[in-house]
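A short write-up of the structure that comes next.
The values are calculated or read from the model by the stated rules, or taken from the named source; none is laboratory data. Just so it is clear, the model here is predicted, and its values are computed rather than measured. Virtual Cβ from ideal backbone geometry, glycine too; neighbours counted across all protein chains shown.
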Amino acid sequence: MIDDVESLIPHRGRMRLVDEIISVDEKTAVTASTVTETWPMVEGGAVNCIVLVELVAQTAGVCLGWKERRKTEEDLDGTGWIVGVKEALFHCSEIPLKSRIIAASERVFEMELYSEIVGSARVGDETLAEVKLQVVQSDSNA
């Protein structure tokens, strides 16, 4: 298992939501995160569920970063992605502090520098959100 989340995604400080990588391969990633008061959009002891889009995107970034890192065996300085939200379905309005969220992403389509990713976020057996993302990777040769 890769322990260094920061070597795979560019997020730092309060914008890094992923705490732990549970599993990762060329098409999928599963991460764990605990909601803290330092997360964006925290108010009244809970975080707005819209932050789950970012959590799924960061989980997808773990997968994409892992794949790219295996090609070069180097940190991903300068590698970037543009992410669009194709669809998001929320099953809650907020998530209490200290909740442990498991996020999963799977690349379901890939062509050149474009990917489509489906993901979810859950606490225990309860699904909190289902997200579809479109990802365009920057051309590192440009």
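Considering only segment 116-138, state which residues are among the small types (Gly, Ala, Ser) and surrounded by 15 or more Cβ atoms within 10 Å (Cβ to Cβ).
Matches in segment 116-138: 119, 120, 121, 129.
When the residues of segment 81-109 are filtered to those that are surrounded by 16 or more Cβ atoms within 10 Å (Cβ to Cβ) and charged (D, E, K, R), which remaining residue is farthest from residue 35 (Cα to Cα)?
107
So, of the residues in segment 89-113 that are touching a Ser or Thr at 6+ places or on another chain (Cβ under 9 Å) and more than 20 Å from residue 124 (Cβ to Cβ), which turns out to be modelled with the lowest pLDDT?
Residue satisfying both the conditions and the ranking: 113.
Just to be sure before I move on: is residue 70 charged (D, E, K, R) and modelled with pLDDT of 90 or more in the structure I sent?
Criteria not met by residue 70.
Which residue out of 131, 123, 135 is under 14 Å from residue 29 (Cβ atoms) and either over 17 Å from the mean Cα position of the chain (by Cα) or modelled with pLDDT of 95 or more (or both)?
So the residue among 131, 123, 135 that is under 14 Å from residue 29 (Cβ atoms) and either over 17 Å from the mean Cα position of the chain (by Cα) or modelled with pLDDT of 95 or more (or both) is 131.
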